[in-house]
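The block underneath contains the structure these notes are about, expressed in structure tokens.
The values are calculated or read from the model by the stated rules, or taken from the named source; none is laboratory data. Nothing here was measured: the structure is a model prediction, and the numbers come from that model. Cβ placement follows ideal geometry from the backbone for every residue including glycine, while neighbour counts extend to all protein chains displayed. Quick note on the areas: whole protein, heavy atoms, side chains included, nothing else; ligands and nucleic acids left out. Shrake-Rupley method; radii C 1.70, N 1.55, O 1.52, S 1.80 Å.
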There are 2 protein chains.
Amino acid sequence: MAQQNAISPTRAENFPEWYQQVIKAADMAENSEVRGSMVIKPWGYAIWELIQRDLDQRFKDTGHTNAYFPLLIPLSYLEKEAEHAEGFATECAVVTHHRLEAQKDESTGKTRMIPTGELTEPYVIRPTSETIIGAAFARWTSSYRDLPLKINQWCNVMRWEMRPRIFLRTAEFLWQEGHTAHETAEEAIEETHTMHKVYEEFQRDVLAVPTIPGEKTEAERFPGAVQTFTVEAMVQDRKAIQAGTSHFLGQNFAKSQNICFAGRDNTQQFAWTSSWGVSTRMIGTLIMMHSDDDGLVCPPRVAPQQVVIIPVTPKEDSRQAIIDHCQALAATLRQQSFHGYPVRVIVDTRDIGGGAKKWEWIKKGVPVRIEIGPRDLDKGSVCLQRRDQATNEKSFIPESELIDSCTKLLQDIQDSLLQRAIAFRDSHIQKASSLAELEANFSTEGDADWLLVPWDGSPDEEEELAKRLRISIRCIPQGELGTAEPAPCILTGRMTTRRVLWARSY
Amino acid sequence: MAQQNAISPTRAENFPEWYQQVIKAADMAENSEVRGSMVIKPWGYAIWELIQRDLDQRFKDTGHTNAYFPLLIPLSYLEKEAEHAEGFATECAVVTHHRLEAQKDESTGKTRMIPTGELTEPYVIRPTSETIIGAAFARWTSSYRDLPLKINQWCNVMRWEMRPRIFLRTAEFLWQEGHTAHETAEEAIEETHTMHKVYEEFQRDVLAVPTIPGEKTEAERFPGAVQTFTVEAMVQDRKAIQAGTSHFLGQNFAKSQNICFAGRDNTQQFAWTSSWGVSTRMIGTLIMMHSDDDGLVCPPRVAPQQVVIIPVTPKEDSRQAIIDHCQALAATLRQQSFHGYPVRVIVDTRDIGGGAKKWEWIKKGVPVRIEIGPRDLDKGSVCLQRRDQATNEKSFIPESELIDSCTKLLQDIQDSLLQRAIAFRDSHIQKASSLAELEANFSTEGDADWLLVPWDGSPDEEEELAKRLRISIRCIPQGELGTAEPAPCILTGRMTTRRVLWARSY
């Protein structure tokens, strides 16, 4: 039987448009009149708050504290680190004036506001804060005893994107940026690895997003970094999304900003720094990873509501009893703890049709839907539906069983989403050993698998190939994927043990 | 015996400079090279996080959800509400370009970044978000069923202050801004009052800051508001600080931004809106309210650490045993809950002198200091010192007593700070019935009491008097202070039941 889907077009019909429609149907965010800037609506923002709460604890558990630095960066700061400045120059919002003057247009009678009070030195709105935080670190560091500095900032940043896409690529976005300074290179590298691991674990365990951890090639590095580590996610159209990066900055920023200290041997030394960040982009990844043709599928750990209880009240005389029963059940479930927080339960008592109500929660991706009607009340049962299963699948279970197994059920949904995503990813990473295979794989317009290939090309050769096939090296993978016998590079033919992952990406 | 104070100058010597030194000594924040923008350091930011956590729950408990709106506001939005635009025009950061171009100076060899990519329509960095959120509300509202909208946003805002003062008045600051839209004027007014009350209770119960709640006069209203309600705090130099405002906006913004809906009678109507906000300014208020000549005094509910345990280890052989004992005590105390969260305890095991260590925590305002040395270990006792008492006061109590009474002790300190602040405030509000008394009260440069006077002057008369004496009407107080028999206005002589509070202010 053909079933009507809630989202049109479907993923198969038009993936990018399906993505926009899922966001709209779940009421998560919308474009604003401000070029490239989105409005994050309550349902989308609630997911961000849950992401923040979990990540923030991980940062604190690894010894970081939060702080806040200025939004505006003097142009002269950017000029200090040339590579960094060039990397962000094409996408900077620049503040040049600090006042407005009202001018009345005599013919129309309308008032217009004109910028005035020109600044001697313009500012850019932070695209990232290495320079402004580096300036603070330089003030705070005089001896090795002042190190390490391990700071995180939650804030908005701005990069003037020419082709914005909601959550994935917007002019303004929310993120966290960690910045640390250390006495030795080893400590800074260890920090970079630690945060890389934190990102991998967080995405796997909380967002149910499996990622491939690895290092970026020189061509793909953060501007000014010595090494960039990334976690790369494969979403349902097999495109890659860079889901979080951590950078070992060596002494590059320390030298350009004079972050120096008297060492244990009393010599003056430059600090070794790192930075790392994830953003609201993760919400886009999460949507593209799990959602289906009926809308958002939200992993329980970041679902604004984990359980929705819908009272089914066909008769007026049993209506209040059913609602009361639902409220009592909700209160019972809320006393349970899922990963340290009360289970989030909502009872939907709105006076609208049951079908519309049910579909609204499907589209919003709530993991568990419970319906309770007059007969369930009599029998002490509930009708249970899982968002990770087909919408017409339902099971009738005793209410006591629901109460006993609620958190287990949530974890089961969380795990099933992760397993499904891992299986999908693993079935779409192929090995290749020749340029011809690579070209064949990426020759068509449609979805394409990721290819793991031996690679020893130069940055220029990499960029040329990337441009020609409109693909990129996502990373030099760590672990099993990255461990291999010497084989000829698909481009140069030189023997190499290095493996890289080529893919299309967002 | 004359005691040396940790902060120089003292409050009596130079209050504004004392304030800066307290912030520095507690390592809370510092000025940055960006004009008027501060860096909020970890100790200061931790206080803000605790403020956020508590307030956020109060907003959610009163039916609000969080969302996020663009940082940049098109100039045309500001032009729509003339009074609002004029109110903020003199202090707006304006974005006029969206790119930088690197230009090499041939003579110096240095690279300079030049703004390029001029925008057709400039943007201002939000000084407040009525206009941009109003535009979203207009999109979201088509029927009375879509109302009320009750949204809050945590974000940064920017007002180009000419005379910045850290926390109290900075170009960029962090705040929350609530924005709501309602079907009727009554509902919007009720919302305004509800949030006014939330602010009063939060400041009283959490910051130990007693405030005078009241309404602003027409001259002091938020630009574009019909009514502005405020909570006014008196700090130790008797100046007033506006510690939070909520505004009933009538239909002013709804009309200029077309927030309209089909009503129950099917006619097209404009919504009634409100807005309300508090900011990092509260941290400045808290410092000026409670701190002393030894540094910050932090109310327990927002203290980043509530208890510091200092191991006193004069002999190497008992050193580890004492440290282990301190850690175990900390773990025990952390199992206790103070207002819903584990007691925040730190054990300071750093290898620096005991005196320096102790004074560092005094200056940081930690409510309870515990010292444990070899003799205490033998006797099962601890040395207890309270930050709200003199630094040389100490009591030796059994450790079991500390464990039993820890949360009671914290609440006792919280209460004592509030009571002290209330007593100070009440002893410095005087009644006056003539202009001569007002002039005499504010004629000197030093600290001056607040004066409650009968007032029926016009906005122009108010502004003239305010300017001449460099004072302002803080509010028309609610409650007992504002209830009075008719008396002649001190300026016009007209009989009035209205009382207003005149004061110097930050």
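Miscellaneous remarks
- Bins of 5 Å, starting at 0 and running to the largest distance - Cα pair percent for region A:240-383: 2, 8, 13, 13, 12, 10, 7, 6, 6, 5, 5, 4, 4, 3, 2, 1, 0
- The gain in end-to-end length when the A:Arg204 to A:Lys24 segment is fully stretched comes to 62.2 nm, 0.36 nm per residue minus the alpha carbon separation.
- Extending 7 Å from Cα along the Cβ direction at B:Thr332 and again at B:Arg468 yields two label points whose distance is 6.7 nm.
- Computed over protein heavy atoms with a 1.4 Å probe, the accessible surface of region A:164-223 works out to 30 Å² per residue.
- Degrees, to the nearest 10: A:316-334 long Cα axis against longest axis of chain A: 40
- Note: region B:65-110, Cα convex hull, 164 Å³ per residue.
- A label point on B:Lys394, set 7 Å along the Cα-to-Cβ line, lies at 7.0 nm from each of its counterparts in the other copies, closest listed first.
- Considering only B:Leu410, B:Ala440, B:Val453, and ranking their Cα positions along the charge dipole of region B:409-465 that arises from unit charges at the beta-carbon of Lys, Arg, Asp and Glu, the one farthest toward the positive end is B:Leu410.
- Under the convention that each Lys and Arg Cβ holds +1 and each Asp and Glu Cβ holds -1, the size of the dipole of region A:386-506 around its Cα centre is about 120 debye.
- Global form of region A:1-132, assessed from the alpha-carbon gyration tensor, a/c cut-off 1.5: oblate
- Rg/Rh for region A:17-74, where both radii come from Cα atoms and Rh is the Kirkwood radius: 1.12
- Probing with 1.4 Å while keeping every protein chain in the model, the per residue accessible area of region B:19-134 equals 37 Å².
- Ligands, DNA and RNA left out, the 1.4 Å accessible surface of chain A is 47% carbon and sulfur atoms.
- Sparse packing (at most 13 other Cβ atoms within 10 Å of the Cβ) combined with a DSSP loop state is found for the following GluC sites (Glu not before Pro) in region A:357-455: A:Glu393, A:Glu445.
- Convex hull per residue volume in Å³, alpha carbons only, for region B:93-158: 116
- Computed FRET value (nearest 0.05) for B:Asp265 with A:Glu49, which takes r as the C-beta separation and R₀ as 35 Å: 0.35
- Candidates B:Val95, B:Leu55, B:Leu75 compared by Cα position along the dipole of region B:52-165: farthest toward the positive end lies B:Leu55, with charges placed on Cβ.
- Volume of the convex hull of chain B (Cα atoms only), normalised per residue: 207 Å³.
- Between the residues B:Asn156, B:Ala328, B:Ala188, the greatest Cα displacement towards the positive end of the dipole of chain B, with unit charges on the Cβ of Lys, Arg, Asp and Glu, is found for B:Ala328.
- Interface between chains B and A: roughly 5300 Å² of accessible area buried, both sides summed (probe 1.4 Å, protein heavy atoms only).
- Computed log10 I(q)/I(0) for region B:456-506 at 0.20, 0.28 Å⁻¹: -0.72, -1.16, from the Debye equation with unit scatterers placed on every C-alpha and solvent omitted.
- Hydrodynamic radius (Kirkwood) for the protein assembly as shown, which is based on Cα pairs only, to one decimal in Å: 31.5
- B:Pro374 label point (Cα plus 7 Å toward Cβ) to equivalent points in the other copies: 8.3 nm, shortest first.
- For region A:317-400: accessible area per residue (Å², 1.4 Å): 48
- Computed log₁₀ I(q)/I(0) - Debye formula, equal Cα scatterers, no solvent, region B:62-185, q 0.12 Å⁻¹: -0.61
- With Cα atoms, 0 to 90° folded angle of helix B:281-290 axis to chain B main axis: 40
- Per DSSP, loop GluC sites (Glu not before Pro) in region A:56-129 with at most 11 further Cβ within 10 Å: A:Glu106
- Stokes-Einstein D (µm²/s) once Rh is taken as the Kirkwood radius of region B:333-479 over alpha-carbon pairs, at 25 °C in 0.890 mPa s: 124
- For region B:316-398, the Kirkwood hydrodynamic radius comes to 13.8 Å, computed from all pairs of different C-alpha atoms.
- Converting phi to 3J(HN,Hα) with the Karplus coefficients 6.51, -1.76 and 1.60 and the offset θ = phi - 60°, region B:175-180 yields 7, 10, 10, x, 9, 9 Hz in sequence order, with x at every glycine or proline.
- C-alpha long axis of helix B:130-140 to longest principal axis of chain B, angle in °: 70
- Once the Cβ-Cβ distance of A:Asp415 and B:Lys110 is raised to the sixth power relative to R0 = 51 Å, the FRET efficiency obtained is 0.35.
- Within 10 Å of each Cβ in B:105-115, the average number of Cβ atoms from other chains: 3
- FRET efficiency, 1/(1 + (r/R0)^6) with R0 51 Å, evaluated for B:Thr497 and A:Arg319 via beta carbons: 0.50
- The value given for region B:357-436 is a Kirkwood hydrodynamic radius of 15.0 Å, derived from the mean inverse Cα-Cα separation.
- The trypsin sites (Lys or Arg not before Pro) of region B:249-312 meeting both criteria, a DSSP state outside H, G, I, E and B (loop) and at most 12 other C-beta atoms within 10 angstrom of the site's C-beta, are B:Arg264.
- Added length on full extension, which subtracts the Cα-Cα distance from 0.36 nm per residue, A:Ser142 to A:Glu393: 83.9 nm
- Buried on complex formation within region A:129-160 (loss of at least 30 square angstrom of accessible surface versus the isolated chain, 1.4 Å probe, ligands and nucleic acids ignored): A:Arg139, A:Trp140, A:Asn156, A:Trp160.
- Each other copy places its own label point for A:Pro486 at 10.5 nm from this one, sorted shortest first, where the point lies 7 Å along the Cα-to-beta carbon line.
- Relative contact order of chain B, defined on C-alpha pairs under 8 angstrom at six or more residues apart (%): 14
- Spatially proximal lysines relative to A:Lys60 (Cα-Cα < 26 Å; intrachain offsets below 8 disregarded): A:Lys150, A:Lys197, B:Lys24, B:Lys41, B:Lys60, B:Lys357, B:Lys358, B:Lys363, B:Lys364
- Here chain A is treated with +1 on each Lys and Arg Cβ and -1 on each Asp and Glu Cβ, and its dipole about the Cα centre works out to around 860 debye.
- For the protein assembly as shown, the Cβ-based charge dipole about the Cα centre amounts to some 440 debye (Lys, Arg positive; Asp, Glu negative; other atoms uncharged).
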